[in-house]
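Note sheet for the following structure.
The values are calculated or read from the model by the stated rules, or taken from the named source; none is laboratory data. Because the structure is a prediction, the values reported are computed rather than measured. Cβ: placed from backbone, ideal geometry, glycine included. Neighbour counts: every protein chain shown.
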Amino acid sequence: MLHWPRTITTERLSLLPPGPEHLDDLIRLKADERVFGFMLHGTRTPQRTREELEDDMEFWRVRGYGTWSVFERASGAFLGIAGLMERPDGRGVALRFALWPECRGKGYAREAARAALEFGHRAGLARIIAVARETNHASRAVLADLGMRECGEFMNHGHRMLVYESLR
């Protein structure tokens, strides 16, 4: 368990561990096909988002890291999520990020993902993976820019998924 602050501040972003106050933002984000259509298990119902928020808060309590809610510091606007979660397929702890499409091209995903990846390695995680659909060029570019290297692949619902890794 980590003993330093769980909130991360970057040049433009604040990453906050999720709490009940983020539920409405998370429901909108996770129901949006443009954002969660690419994620494992796809879009979420409001009830499933509530359950995932409870799971995320518990993961933080147990592990000392997890998924953050990402906000723009200047405006306070909710931009999406970024963080580290144990993959349900047993591949390991994975970096994940999902921000509103309006954030594309501004470097927010890269900034949030870099902060989460660095936090995870400081937390003692020697290997962190990430998974991106082969056709998701934006996410793949972020992972490459973070220095993650392609290390495997698998098929998921007819989509070729690429596995990346970052070693401490």
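Scan (1) outside any strand (DSSP E or B); (2) farther than 18 Å from residue 18 by Cβ; (3) not charged (D, E, K, R) for the single condition residue 76 breaks and write down its number.
If we test residue 76 against (1) outside any strand (DSSP E or B); (2) farther than 18 Å from residue 18 by Cβ; (3) not charged (D, E, K, R), just (2) comes out false.
Would you mention how many residues in the stretch 70-84 are within 15 Å of residue 6 (Cα to Cα) and among the aromatic types (Phe, Trp, Tyr)?
The number of residues fulfilling the criteria is 1.
In the stretch 94-115, which residue that is of a type in the set (Lys, Arg) and over 12 Å from residue 148 (Cβ atoms) is surrounded by the most Cβ atoms within 10 Å (Cβ to Cβ)?
It comes out as 96.
So which residues in the stretch 33-49 are of a type outside the set (D, E, K, R), farther than 23 Å from residue 134 by Cβ and either surrounded by 14 or more Cβ atoms within 10 Å (Cβ to Cβ) or in contact (Cβ under 8 Å) with a residue 12 or more places away in the chain (or both)?
Within the stretch 33-49, 45, 46, 49 qualify.
Filter the stretch 145-168 for residues that are farther than 28 Å from residue 106 by Cβ and small (Gly, Ala, Ser) and give the result.
Those that are farther than 28 Å from residue 106 by Cβ and small (Gly, Ala, Ser): 152, 158.
Only one of (1) touching a helix residue (DSSP H, G or I) at 6+ places or on another chain (Cβ under 7 Å); (2) under 17 Å from residue 128 (Cβ atoms); (3) part of a strand (DSSP E or B) fails for residue 96. Which number is that?
The failed condition is (1).
Can you tell me how many residues in the stretch 21-53 are polar (S, T, N, Q) and within 16 Å of the chain's Cα centre (by Cα)?
Matching residues across the stretch 21-53 total 2.
Would you tally the residues in the stretch 87-126 being among the charged types (D, E, K, R), in contact with a strand residue (DSSP E or B) (Cβ under 7 Å, 6 or more places away or on another chain) and closer than 19 Å to residue 12 by Cβ?
Counting residues in the stretch 87-126 that are among the charged types (D, E, K, R), in contact with a strand residue (DSSP E or B) (Cβ under 7 Å, 6 or more places away or on another chain) and closer than 19 Å to residue 12 by Cβ gives 1.
Taking the residues in the stretch 50-78 that are among the basic types (Lys, Arg) and surrounded by 12 or more Cβ atoms within 10 Å (Cβ to Cβ) as candidates, determine which candidate is farthest from residue 133 (Cα to Cα).
73
Which one of 148, 161 is at pLDDT below 95, in contact with a Phe, Trp or Tyr (Cβ under 6 Å, 6 or more places away or on another chain) and within 17 Å of residue 93 (Cβ to Cβ)?
The conditions single out 161.
Among the residues that make up the stretch 91-99, is at least one of them touching a residue at least 40 places away in the same chain (Cβ under 8 Å) and at positive phi?
no
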